[in-house]
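One structure below.
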Amino acid sequence: MSVPAAPALKGRLLVAAPALADPNFRRTVVLMLEHTDDGSVGLVLNRPTPVLAREALPDPLAAALPEEELVHRGGPVQPEAVLLLGDFLEPAYAAGIAFGSVGIVDPEADLEQLGTKVRQLRAFGGYAGWAGGQLGAEFAEGAWIDATGLPSDVFTTEPDGLWSEVLRRKGGRYRLIAQMPEDPSLN
């Protein structure tokens, strides 16, 4: 399988195939924010940390997030860097749109106004990154499954079930993969 063309991957979900051996990405769902010949950037959507966003982030950033919101581990690259994704009521307010109304919160945004511009927010520590050609090689190895994303995937309240949910929704043979146990030896 070859990697989709560069513009086609931006805003798509990459679902880790069962054969993907890298523990950083086992059973992950990654939202692709950028994909060019020079490299790719995405955020892992289904790895919440136990850390409350309000405890980890400085004000007024912390105040913009719901009180119970956790910081999610967006990937192994620069884990100290924080990216905010929002489901924007006004997409023009986003620093960049991933798909539909889901986009990156501008770090220079007026955070006091942010609550009137988004439906939901989520904080991610770190991101997933690939050098030019690396993601294409991983697709060729069958490490990733390309899927369509929904805003509910980004802001899921059930991150442990997201991998299976996206595969079920994709349908066909992926419904069977979605039912695979975490440890196939237990099957």
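How much mean residue ellipticity at 222 nm does the chain get from its helices, if each DSSP H run of length 4 or more adds -39500 (n - 2.57) and you divide by all residues, to the nearest 500 deg cm²/dmol? Mean residue ellipticity, 222 nm, calculated: -4500 deg cm²/dmol. In this Cβ point-charge picture (+1 for Lys and Arg, -1 for Asp and Glu), the chain has a dipole of about 780 debye about its Cα centre. Taking amide H atoms as placed 1.01 Å from N in the peptide plane, the amide H of GLN120 lies under 5 Å from those of ASP87, each 5 or more residues away in sequence or on another chain.
Derived scalar couplings between HN and Hα for the stretch 65-76 equal 9, x, 4, 8, 5, 9, 6, 9, 7, x, x, x Hz in order, rounded to whole Hz, by the Karplus curve 6.51 cos²θ - 1.76 cosθ + 1.60 (θ = phi - 60°), x for Gly and Pro.
Think of the chain as a dipole: +1 on every Lys or Arg Cβ, -1 on every Asp or Glu Cβ, centred on the Cα centre; then among HIS72, LEU14, GLY115, LEU14 lies furthest on the positive end.
Sequence-ordered 3J(HN,Hα) estimates for the stretch 103-111 from the Karplus curve with 6.51, -1.76 and 1.60 and θ = phi - 60° stand at x, 8, 6, 5, x, 9, 5, 6, 5 Hz, glycine and proline given as x.
Among the listed options (1) 1.91; (2) 1.02; (3) 1.24, the one matching Cα Rg over 2.2 N^0.38 Å as calculated from these coordinates is (2).
No value in this document is a laboratory result; all are computed from the given coordinates. These numbers were taken from a predicted model, which means no experiment stands behind them. A quick note on method: Cβ atoms are made from the backbone with ideal geometry, for glycine too, and the neighbour counts reach across all protein chains shown.
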